[in-house]
Amino acid sequence: MSNLRRVLERQEREEEEIRRRRAEEDQEADEEEDEMLVAFAMLNESRQHHRRRAHNVDRRRQSRGKNLMEDYFIPNSLYPVSKFRERYRMQPHLFQKIMHDICNYDTYFIQKNDACGVLGLLPEQKLTAALRMLAYGASAEQVDEIARMGKSTILECLVRFCDAVENLYTREYLRRPSPRDLQRLLQKAETRGFPGMIGSIDCMHWQWKNCPTAWQGDYGNRKGQKSIILEAVASFDTWVWHAFFGVAGSQNDLNVLGQSPVFNDVLRGHSPQITYQINNTVYSGAYYLADGIYPRWTTFVKTIPNPQSQKEKSFAAFQEGYRKDVEMCFGILQARWAIIRAAARMYDEEDEYDYEAPEEHEPDPINTALTRIYERPMGPNGHLLEHEPLVRDGRFNNPMIDRYQAMQSSYVHERRHIDLIEHLWEMKGNHNG
């Protein structure tokens, strides 16, 4: 009997020990779970803290605006006009005109009170920030020290400034030459020894820093850089009246020419009728000075790669010298606006899309009155209408094809080339030797 009691007591002790161990294990598991929950909550709180907007920095923008006005924009300012011209890349009266036009175009640049009633930035501060980034290629952090503006505000000023300048002045400056402009260009070309020449054409590459990885093969140029091509036509006074931008950097000047609208007016028959005489031969149609990659068209005059005679050497020297007008224009742009000399950081093809414009849906070409197959209109007699077949009479396509073939005439190109060599030699070449 006593043995049975001892066995039962031992079993109770073992069961009690098992329950105690299970309770300790459950308690330890609960403590670990509580610790994990606390750690997760702390981590989430720290992440939320990092995501919060940083506190606004009191940049004392009003005092900086006052100092900026005293430095450049009041009579007897601290810095002379020469320093203003050097740092703003323009004269003060031109700056005032541009600021007046932009403030009338975009009210963002006008000084206003914010929601707290605090006076905002001056128009001079916003334009100074944009011009400093364009002129020096500076970052927003560098401009912050000058204009006392936040990074996002500076970048917004730059984008809005460029958009305003493009919309305000493109129609006035980046346009085809007027009859008066053509007369001025032709007179200058006549004195240079190239009658009928209205400018020089060439392309330049602008490096694209943030080119997407999927597009780098298309935009990579021969130097291994990712770039975007700009085609321009410039006159002797560095007036750019044609610009075509956005072609991938892997293409050459011929590929750009094939996509460029530079000869659209010529093909449509809207180009000005220009006639001139070279070496007792009358020619029609203006032309551009170009380098050797361009085709032998009537719209181009190229140099001689390996000149042999004195006449050819003289012609090559004058042609290559006058063709540098567009190269000089590119050099002036890069020297005056350093942002072009550096890599483009803000360019994005999505910027070409106007998100504020109303959506326009193209009509379905299959679901129209003339192309419905099963819902053809009925005539007054109850029968289906039979439409007249479409006939191309050649009034538009054939003249355009003829003008395109005439523009590609290598015979006229070579004949005018020979006459220009003789004309330049009689005009300038033989007097230098």
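The values are calculated or read from the model by the stated rules, or taken from the named source; none is laboratory data. All values derive from a computational prediction rather than experimental measurement. Cβ atoms come from the backbone with ideal geometry, glycine included; neighbour counts cover every protein chain shown.
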Pick from region 189-210, criterion in contact with a Lys or Arg (Cβ under 9 Å, 6 or more places away or on another chain) and in a loop (DSSP other than H, G, I, E, B), ranking: farthest from A316 (Cα to Cα): N210
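Can you confirm whether E172 is farther than 30 Å from P261 by Cβ and among the acidic types (D, E)? It would help to see each step written out before you state the result.
Numbers: farther than 30 Å from P261 by Cβ: no; among the acidic types (D, E): yes.
In short, no.
Looking at L158, L186, which is the one that is part of a helix (DSSP H, G or I), within 27 Å of R60 (Cβ to Cβ) and either touching a residue at least 12 places away in the same chain (Cβ under 8 Å) or out of contact with any helix residue (DSSP H, G or I) (no Cβ under 9 Å at 6 or more places or on another chain) (or both)?
Values: L186 fails: within 27 Å of R60 (Cβ to Cβ).
None of the other options fit; the residue is L158.
Tell me whether region 122-130 contains one or more residues that are more than 18 Å from E70 (Cα to Cα) and in the same structural domain as F84 (by TED's automatic domain parsing).
Within region 122-130, the first condition is being more than 18 Å from E70 (Cα to Cα), and the residues that meet it are 130.
In the following step, the residues that additionally are in the same structural domain as F84 (by TED's automatic domain parsing) were identified as 130.
Yes: region 122-130 contains one or more residues that are more than 18 Å from E70 (Cα to Cα) and in the same structural domain as F84 (by TED's automatic domain parsing).
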Every pair of residues 6+ apart whose Cβ atoms lie under 9 Å, when the first sits in region 305-328 and is free of Cβ contacts under 8 Å to residues at least 12 places away in the same chain while the second is acidic (D, E) and assigned to a helix (DSSP H, G or I): N306/E312
Selection from region 115-131 of residues that are in contact with a Gly (Cβ under 6 Å, 6 or more places away or on another chain) and part of a loop (DSSP other than H, G, I, E, B): L122
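For region 312-326, check the following and say yes or no: at least one residue is charged (D, E, K, R), under 21 Å from A130 (Cα atoms) and assigned to a helix (DSSP H, G or I).
Residues of region 312-326 that are charged (D, E, K, R), as a first pass: 312-313, 320, 323-325.
Pick out the ones that are also under 21 Å from A130 (Cα atoms) and you get none.
The answer is no, given that none of the residues of region 312-326 is charged (D, E, K, R), under 21 Å from A130 (Cα atoms) and assigned to a helix (DSSP H, G or I).
Somewhere in region 281-294, is a residue surrounded by 18 or more Cβ atoms within 10 Å (Cβ to Cβ), in a loop (DSSP other than H, G, I, E, B) and in contact with a His (Cβ under 7 Å, 6 or more places away or on another chain)? Working first, answer last.
Residues of region 281-294 surrounded by 18 or more Cβ atoms within 10 Å (Cβ to Cβ): 283, 285-291, 294.
Narrowing further to those that are in a loop (DSSP other than H, G, I, E, B): 285-286, 290-291, 294.
Going one step further and asking which of them are in contact with a His (Cβ under 7 Å, 6 or more places away or on another chain), we end up with none.
There is no residue in region 281-294 that is surrounded by 18 or more Cβ atoms within 10 Å (Cβ to Cβ), in a loop (DSSP other than H, G, I, E, B) and in contact with a His (Cβ under 7 Å, 6 or more places away or on another chain).
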In region 339-349, residue farthest from M204 (Cα to Cα) [restricted to those that are modelled with pLDDT of 70 or more and either crowded, with 16+ Cβ neighbours inside 10 Å or of a type in the set (V, I, T) (or both)]: I339
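Check F40, F73 and return the single one that is of a type in the set (F, W, Y) and modelled with pLDDT under 80. Don't jump to the end; show me each part of the working.
Details: F73 fails: modelled with pLDDT under 80.
Result of the check over F40, F73: F40.
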Residue identified as at pLDDT below 75 and either under 34 Å from the mean Cα position of the chain (by Cα) or surrounded by 10 or more Cβ atoms within 10 Å (Cβ to Cβ) (or both) among R64, R85, R59: R59
